[in-house]
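Undergrad: I have a structure I would like to understand better, so I am pasting it below and will then ask my questions one at a time.
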Amino acid sequence: MSLTFHWFLPTNGDSRHVVGGGHGTPATAFGRNRPPTVAYLSQIARAAEDLGFVGVLTPTGAWCEDAWLTTAMVSRHTERLKFLVAFRPGFVSPTLAAQMASTFQRQTGGRLLLNVVTGGESHEQRAYGDFLDKDARYRRTGEFLQIVRDLWEGKTVDLSGEHLQVEDARLARVPDPVPEVYFGGSSSIAGEIAARHVDVYLTWGEPPAQVAEKIAWVRGLAAKEGRTVRFGIRLHVITRDTAEQAWTEAHKLLDGFDPDTVKSVQAGLARSESEGQRRMLALHGGNREDLEIHPNLWAGIGLVRGGAGTALVGSHDEVAERIKEYHALGIDEFVLSGYPHLEEAYWFGEGVLPRLAAQGLWQHPFAPTSNPAAQVPFTS
């Protein structure tokens, strides 16, 4: 089985520095260095497609551009690349969401994947008119996914739930193929929702031992539901020809972290209700020292960015080895990013993917013959 790799569309802006934002914190000023125009995002998307990434993740929240609209526009500039569209169930009706997904599939030739984000920040949710508490939001997510999945199967749905109610709901045209659902969450109720409804459970880049615990937890819950779930991980990457070069780049990013910005971002993230964000913060504790928390796993990104806060840093061979380490635990999909996203896509696609291909762990998902980087033997 070939590993699956996705890249990231920085709809909050891009830079040679880390662009912060997420989990209730605004994007940093670096996001204005390369604004998230359709032209620039399409350039990243085309590079990802050529290099062999299956899809690209787009975030959701007040700190970035709308994921549905942006990916719909960028899709016109690509041919086969899929779009892992993040969306929050509380902001749109389940019937409309199911219809939007169906339309997206028809208009793009089946290139939609859905990343369901329940939302871990009540103050941000309230800005959108959502006043449920965290546990209630997860229960609503379960009802939402139940309705959407039934509609995608062509059923007529009547449901009177705790939070959602639909009557005689149905789609005139069901999506073909049905989009796969991605989902992440570290709280107990998040695990229950994942076990019942999702195709791929995503975790942020914690050390392998912690990731193994999460996989065992969700796998066990899914088994009780008579289901199996695939697993993915969300990481940044800084990969170069040598380890020294890679760590030099990481230290450049760290040098660009203004102390006041770090203090402000950490204070904002400390208010997060997200269990996953709490686990990310615990990896570095707001300190600049001892940020390599596992060989080649660097927690520095999380000093100024919410959500995914760790990066694989090292030579192409070292990064490939860390990917193999996570794969051995049960991770089959990798959602990656790097600053700036255009250049880092090439560093990874031309440096790491050929090494994985040579070991039989990856093959170009589209047209290998058109991508010399995926075929030409490399030299160490």
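The values are calculated or read from the model by the stated rules, or taken from the named source; none is laboratory data. Keep in mind that what you see is a predicted model, and the values were worked out from it rather than measured. Here Cβ is always computed from backbone atoms with ideal geometry, including for glycine, and neighbour counts include all displayed protein chains. Surface accessibility is based on the protein's heavy atoms, side chains included, excluding ligands, DNA and RNA. Shrake-Rupley method; radii C 1.70, N 1.55, O 1.52, S 1.80 Å.
Undergrad: Taking helices (runs of 4 or more DSSP H) that do not extend beyond the range 237-335, which have at least 3 residues that are over 18 Å from the mean Cα position of the chain (by Cα)?
TA: On the way: elements: 243-255, 259-270, 275-282, 316-329.
The qualifying helices (runs of 4 or more DSSP H) are 243-255, 259-270, 316-329.
Undergrad: In a helix (DSSP H, G or I), modelled with pLDDT of 95 or more and farther than 30 Å from K155 by Cα - does that describe any residue in the range 76-88?
TA: Of all residues in the range 76-88, those in a helix (DSSP H, G or I) come to 76-77.
Right, trim to modelled with pLDDT of 95 or more and you get 76-77.
Among the residues that remain, those that are also farther than 30 Å from K155 by Cα are: 76-77.
The answer is yes; a qualifying residue exists.
Undergrad: Applying the selection to the range 57-75, what residues are at pLDDT 95 or above, more than 19 Å from G184 (Cα to Cα) and not in a helix (DSSP H, G or I)?
TA: E65, D66
Undergrad: Is there any pair with a first residue in the range 224-239 that is without any contact (Cβ under 8 Å) to a residue 24 or more places away in the chain and a second that is of a type outside the set (S, T, N, Q) whose Cβ atoms are under 9 Å apart and which are 6 or more apart or on different chains, and what are they?
TA: T228/R219; T228/A222
Undergrad: If Q375 satisfies every condition in (1) at pLDDT 95 or above; (2) open to solvent by 10 Å² or more (accessible area, probe 1.4 Å); (3) not hydroxyl-bearing (S, T, Y) but one, which is the exception?
TA: Of everything listed in (1) at pLDDT 95 or above; (2) open to solvent by 10 Å² or more (accessible area, probe 1.4 Å); (3) not hydroxyl-bearing (S, T, Y), Q375 misses just condition (1).
Undergrad: Please tell me if A27 is farther than 29 Å from L145 by Cα, in a loop (DSSP other than H, G, I, E, B) and free of Cβ contacts under 8 Å to residues at least 60 places away in the same chain. Don't jump to the end; show me each part of the working.
TA: On the way: farther than 29 Å from L145 by Cα: yes; in a loop (DSSP other than H, G, I, E, B): yes; free of Cβ contacts under 8 Å to residues at least 60 places away in the same chain: yes.
Yes: the conditions hold for A27.
Undergrad: Still on this structure, please answer the following. Among the residues of the range 265-289, which ones are in contact (Cβ under 8 Å) with a residue 12 or more places away in the chain, closer than 14 Å to V304 by Cβ and open to solvent by 70 Å² or more (accessible area, probe 1.4 Å)?
TA: R288
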